[in-house]
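What follows is a short report on a single structure.
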Amino acid sequence: MSSHFDIVGSFLRPAALKQARLQFEQGNLDQADLTKVEDQLITELVKQEVAAGLTVVTDGEFRRSYWHLDTFWGFGGIDHTQAAHGYFFHDEETRRDAATVTGPIHFTGQHPDLAAFEFLKSVTPAGITPRQSIPSPAQCYFELIRDQENVEALQAVYPNETDLLTDLIQPTAI
């Protein structure tokens, strides 16, 4: 009887990644150098996953700040904004980052998740499957109606909900 083990995709961010992100936010590290740190840590993580016997590996979502919002921000027509509150989990509140519709949702021809997956594939050994978590259109919809401010922004762009749902399911390329 064979066993199969799988993981969701997120790993705790290593201290080196947290430090690099802080330096980047403070303007003391540029995007290219942050990417080098991410590349190194993702390469190490894939080696650890393979050594642990996993046949399906992820990049730990080390290029993402959130498992879902970073993906939404990669589409045209969705901006990185700040909500009145973060998400509430038990007694904790997350940062206030949010996604707000500012125009028709569309694929711009490039998306950060595509580049992240290409790198993951490049460091995944033969016989191992690279995997990436992708939030659903329903998760994006939930974010876009998260509060009254988002609902108003959404309705200004999409007075017809059918058009919104069509664009969420298959964003057109512009």
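Against the 2.2 N^0.38 Å scaling, with N counting residues, where does the range 71-174 land? I'd like the Cα-based Rg ratio to two decimal places.
1.23
What ranking of Leu164, Leu22 emerges when the number of other C-beta atoms within 10 Å of each C-beta is taken as an exposure proxy, fewest first?
Ranking Leu164, Leu22 by Cβ neighbours within 10 Å, fewest first, gives Leu22, Leu164.
Step through the residues of the range 138-146 one at a time and calculate ³J(HN,Hα) from phi using the Karplus curve (6.51 cos²θ - 1.76 cosθ + 1.60, θ = phi - 60°), rounding each to whole Hz and writing x for Gly and Pro.
5, 5, 5, 4, 4, 5, 6, 10, 4
Under the definition of Cα pairs under 8 Å and six or more residues apart, what whole-number percent is the relative contact order of the chain?
Working: 212 pairs, mean separation 39.3, N = 174.
Rounded, it is 23 percent for the chain.
Determine, for His85, His106, the number of other Cβ atoms within 10 Å of each Cβ, and report the residues in order from fewest to most.
On the way: His85 12, His106 15.
With the sparsest Cβ surroundings first, the list reads His85, His106.
Could you work out the Kirkwood radius for the chain, taking every pair of different alpha carbons, averaging 1/r and inverting it, reported in Å? Working shown, then result.
Numbers: mean 1/r = 0.0559 Å⁻¹.
So the Kirkwood estimate lands at 17.9 Å.
Mind checking the dipole of the chain: about its Cα centre, +1 per Lys or Arg Cβ, -1 per Asp or Glu Cβ, Debye to the nearest 20?
It comes to approximately 540 debye.
Just Asp113, Asp163, Asp39 to compare: in a GNM of the chain, with alpha carbon springs under 10 Å, which one fluctuates most?
Per the Cα network of the chain with a 10 Å cutoff, Asp163 tops the list.
Which of Val101, Val123, Val46 moves the most in a Gaussian network model of the chain with Cα springs under 10 Å?
Of Val101, Val123, Val46, the Gaussian network model singles out Val123 as fluctuating most.
Readers should treat all values here as calculations from the given coordinates under stated rules, not as data from a laboratory. Quantities reported herein were computed from a predicted structural model and do not represent experimental measurements. Please note: Cβ atoms are built from the backbone with ideal geometry, for glycine as well, and neighbour counts cover all protein chains shown.
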